[in-house]
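See structure below.
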């Protein structure tokens, strides 16, 4: 109930949030309609490919919100957030693998194809239970959450901060990538998990299911946005921002800095896991490449481009940068890395507040309201 | 292999000399005997081989060797000359056996192969061994004896004994003794057998161990097959002695590999220890500077294809300068605007690393390039028969230590080093004292980058040179610097070497990938425990 009233106040007071949520609802209605109802030869028709692509962008947007919470609001630059995303994706992938049943190439009712190929005879213990949707969904949030809890507990307690933390998060995702590349791990090794057939009984290849997944992604994006907004506007959110701006002072005032950091980190990891779980069925594959350190760093750029410390910025950044990526890799793949590299440099030097920060500045100038400098003044 | 190489080195000039002397008579005799090799019958060839053994001619050795390798052919058409062949891209390069003339490159179909079967191969090996037993080079003699150890019969043991009586070289005598002992294990005289076991127990030759193993074999009931209890217990003791020594050697080898991996890590990380440790700048493009060094080596070798042997001596300064200049450009162009904002520096330099990678892909192609290894770097140093250390790893260890010492000297003894340390300790104060901090920053960054370039030269000798090679080292390098303690060069040295050794010690029982994962987890846990590394900076500089 409190949540509901929070949404009401949010809609009433925050114009940007209101328009964002309205856009999401509009997208959720218009895109599936144009895909399913409008005939294929009409100019208003949206192809299934586009629907899937948009769905992918939006699941990335959830991931970007997750990173923005820890980086933009708490000043923890995690270079391993793709690890939580991939773990969520793998949990979903495991459920989807079990759904294949005996329709695999080898026709084994229990074992996924790659296990038969490795001549394993029974399902490893950690694959047990993944045939149940609720269990898999629980794992989608629990596995990344647990990893974040253990890792964060160790790191924050011993006050590993700044670049040190960034580098060990990077080492974490690198180690996980190496581990998942191993066939012996039982996660499909190099090829990862793929060849999914259906989800909850719906055929994954059909347009209806795709549209359903798209709507689910939008729903979770909206939910993630509202909940994150709630978190950052709560008292906890204020403390978290205080930690970002002056960690030592917050500690001396009497807050347990470690616990606040830990909880925001775990919450963010869970969000990333959900994003991964939405990503896997739409893209149709999850492999160890998702753990690669490059992915985590690209993710940081989405948030930096969009504007960190503003949840909306994370969403905008994820969509804009990924749209640019699709665009560039489409007609000249070699230009993409030049562009991405230049984007990194340009944004850090000239646009520290990102697109949304810039827009805010411009708006403020136009309204001639002489407020103080933007809030996220380079403190990290 | 070494026999073959030796043939090429010594016999070809010698052959030319012989031909120049127009030793027509011996040519005729040799050619006549060789005619028999064209026969299809293996028995006929067997005869020819035993005839050839008696001819004292250096060409015989080459004929045997090439025949064994399947490189001896004769022409399809008249005059059906016997020829040596060597594979080229266009076909087979042909050289006449007797006259030594090169006859150009021909198609495989125009030649008939001199076929060999297993029994002939055995004969050929024995014949080669016999010839090489009397070679001038003691290494060739030793290898020849080793080849014979595989199966010693009453004939070959005579050869060994003959050689034993005239041999002077200690190392060759050792192997000869092993050969004779292996034969004597089968003798009827109990005391001879015991003595043989004793000799074998002192040797690290794998053949010696293999010869002892049947003596301690058990049957299905777990009882020893060998009845002679005395001989058996002697064999068990001898085997234990060998195994203990082998284990010792294995450890020595692991440590050597570990140190060489450690020195690779040291080279990769030491430049970072300067930029990250001394300046506090996170340079994610460090791996790409290593890559630039490796590509510089590649370009240098392209520019001087005829003197690969010296190319590395040109490549080292070239790589230092190229990578150093790129480093200075990065510092002046990007990093100087971001001092005091480490996380932003991290992102910007990551962008630079992407651009550099793509640049290399565009210029050189995304495929790996092969960098040649000079002759003097290849080969192995044999400590004993069970332990052979490759030269290139040894050179890398020495080289990394030299770079380390040089860097230490630059920081401790030069005015640049003094300024660098001053700026890193207190930027404001240094500036007040008249140090041009901007210039010092650029130089320090250039120095660190230049050393990354030198690391690239060394790495080009060990791994593939490709656009992604830098990424493989960046995380490891950071781990080393953080593990050792930021701002402490000695810490970097200790960290690199210990991580290298730990990795190699773990590898045999955990596998290469798992060992790496374990090391990463170890470091992650270690940093939690001691966030400032093994050797933290103390005092004011720490904050």
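Quick notes on this structure:
- Counting, for every residue in A:300-308, the Cβ atoms of other protein chains within 10 Å of its Cβ and taking the mean gives 1.
- Chain B: relative contact order as a whole-number percent, Cα under 8 Å and 6+ apart: 15
- The distance between label points at residue B:405 and residue A:53 comes to 6.1 nm (points 7 Å beyond Cα on the Cα→Cβ vector).
- Between 0 and 90°, nearest 10: helix B:138-148 axis offset from chain B longest Cα axis: 70
- Compared with the dominant principal axis of the Cα atoms in chain A, helix A:235-245 is inclined by about 70°.
- Taking each residue as 0.36 nm, the span from residue B:240 to residue B:202 lengthens on full extension beyond its C-alpha to C-alpha distance by 12.6 nm.
- Computed from the C-beta positions of residue B:213 and residue B:367 and an R0 of 60 Å, the FRET efficiency is 0.80 to the nearest 0.05.
- Listed by Cβ neighbour count within 10 Å, with the fewest neighbours leading, B:274, B:152, B:475 appear as B:475, B:152, B:274.
- Among B:206, B:460, the order by Cβ neighbours within 10 angstrom, fewest to most, reads B:206, B:460.
- Spatial separation of Cα centroids for segment A:83-115 and segment A:1-71, in angstrom: 29
- Sorting the segments B:510-523, A:36-49 by their residues' average number of neighbouring beta-carbon atoms within 10 angstrom, most packed first, yields B:510-523, A:36-49.
- Peptide ranges B:127-139, B:239-251, A:295-307 listed from the most packed, as the mean C-beta count within 10 angstrom indicates: A:295-307, B:127-139, B:239-251
- Exposure proxy for B:44, A:365, A:261: other Cβ atoms within 10 Å of each Cβ, ordered fewest to most, give A:365, B:44, A:261.
- C-alpha long axis of helix B:42-54 to longest principal axis of chain B, angle in °: 80
- For chain B, taking Cα atoms only, Rg and Dmax work out to 30.9, 94 Å respectively.
- Proportion of all alpha-carbon pairs of segment B:169-225 beyond 16 Å (%): 45
- FRET efficiency, 1/(1 + (r/R0)^6) with R0 30 Å, evaluated for residue B:382 and residue B:26 via beta carbons: 0.20
- Segment B:330-362 and segment B:492-525: distance between their alpha carbon centers, rounded to Å: 29
- Sorting the segments B:463-472, B:186-195 by their residues' average number of neighbouring beta-carbon atoms within 10 angstrom, most packed first, yields B:463-472, B:186-195.
- Structure-based [θ]222 nm, chain B - -39500 (n - 2.57) summed over DSSP H runs of at least 4, per residue, nearest 500: -22000 deg cm²/dmol
- Distance between segment B:146-222 and segment A:164-189 - C-alpha centres, whole angstrom: 51
- Label-to-label distance for residue A:40 and residue A:7 is 3.7 nm, based on points extended 7 Å past Cα in the beta-carbon direction.
- Hull-based mean projected area of segment B:225-334, where the convex hull spans the alpha carbons, in square nanometres: 12.9
- For segment A:2-367, the gyration tensor built on C-alpha atoms gives an oblate shape. Its axis ratio a/c (a ≥ b ≥ c) is at least 1.5, and a/b is not larger than b/c.
- Averaged over the residues of B:520-531, the number of partner chain Cβ atoms lying within 10 Å of the residue Cβ comes to 5.
- Helix-derived mean residue ellipticity, 222 nm - over chain A, DSSP H n ≥ 4, -39500 (n - 2.57), to 500: -23500 deg cm²/dmol
- Rounded if a/c under 1.5, otherwise prolate or oblate - segment B:248-542, Cα gyration tensor axes: oblate
- Prolate/oblate/rounded call for segment A:185-250, Cα gyration tensor, a/c under 1.5 rounded: oblate
- FRET efficiency, residue A:132 to residue B:230 (Cβ-Cβ, R0 60 Å, nearest 0.05): 0.30
- Across peptide B:354-363, the average count of Cβ atoms from other chains found within 10 Å of a residue's Cβ is 5.
- For the protein assembly as shown, the Cα-based Rg and Dmax, in that order, read 35.4, 113 Å.
Here, each number is a calculation from the coordinates, and none is a lab measurement. Just so it is clear, the structure is predicted and the values come from calculations on it, not from any experiment. Methodologically, a virtual Cβ is constructed for each residue, glycine included, from the backbone with ideal geometry; neighbour enumeration extends over all protein chains shown.
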